[in-house]
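For reference, the structure is listed below as C-alpha cells.
No lab work stands behind these numbers, since they all come straight from the coordinates. No experiment lies behind these values; they were computed from the predicted model shown. Here the Cβ positions follow ideal geometry from the backbone for every residue, glycine too, while neighbour counts run over all protein chains shown.
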Amino acid sequence: MNREESRRLEFKVPDLRKKELRSKLTASEQQELDKGRAIMAEEYPNRTSEQYADKVRLMAIRNFTIIDTTRKKSLFQKLFKEENPNEYRLQFPNEEEDVAEYTFPFTFGLELRQLMEDVGLGLDWPKMLPVDDGMCHTDPLEEDDKEWFEAFPDPSWCAAKMEEAKNLDEKAAAHGEEMVQAIKWMKTRWENGFQIYADIDPWEEDDL
C-alpha cells in the first residue's frame, strides 16, 4: 500500500466511526476501517487504547439559541477584500438545567445501535442520533456546524419513535442494567424537550 492510500484510509477512519454508531458498515467500509486502524496502530505504537475503547458522550441540549458572534472586518480585510468567516455560538438561558451528558464506551454505543435495529428503529436511528467527533456545544461554530445543530430532529418525534419500538424495555433489560439506564436517560431527555447528539471523544495527546 502506497503512502497516499495509507493517508486516505487514516483520514477516513473518523467518518467511518461516526457512521458505525448510526448504522452498520458495508463490507467494503468495514475493510477500510480495519485497514485504517491497522495503519494508525503502526504509526502510534504507544497508544494505549484501541479505536473501540474510545468513549462516546451523549449530549442533551434544549432552550438554546444560536447567536452570531462574527467579528467585524478589520481594516486590513477591507483593504484586501478578504473574507471574514461567520462564527456562531449556542446560548442557553440556564446551562445547568438545559445541558446534560451521558458517557459510555464506544463498544456499548455499537450495542445500543444494534438494539435499535432489533426493535425496528434501524432506519430511524441515524436520524434520531446525530454524531460528530470533538463537537463541544461551548465551542465557536462555523457555518456548517450551525447548520448541523439546526438540522437536529424534533425531540417529540424521537420520543414517539422510542414508544413505538417493539419490546424495547424488555430487550434492554435482557441486555443488562447499563442498557436500561441508557435507554431511560434518552427517553426522559427527549420527553422533556432535549435534543441529543453523540460526540466521539478524539484521542488526546496523552494517549499517543
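Scan L129, L121, L168 and give me the residue that is surrounded by 16 or more Cβ atoms within 10 Å (Cβ to Cβ) and over 20 Å from the mean Cα position of the chain (by Cα). Write out each step before concluding.
Values: L129 fails: over 20 Å from the mean Cα position of the chain (by Cα); L121 fails: over 20 Å from the mean Cα position of the chain (by Cα).
Of L129, L121, L168, the one residue that is surrounded by 16 or more Cβ atoms within 10 Å (Cβ to Cβ) and over 20 Å from the mean Cα position of the chain (by Cα) is L168.
Is there a residue in segment 136-157 that is loosely packed, with under 15 Cβ neighbours inside 10 Å and among the aliphatic types (A, V, I, L, M)?
yes
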Can we say M162 is more than 19 Å from K55 (Cα to Cα) and in contact with a Leu (Cβ under 9 Å, 6 or more places away or on another chain)?
-> yes
Between residues in segment 14-31 that are in a helix (DSSP H, G or I) and residues that are exposed (fewer than 13 other Cβ atoms within 10 Å of the Cβ), which pairs lie under 8 Å by C-beta distance while being six or more apart or on different chains?
-> P14/P202
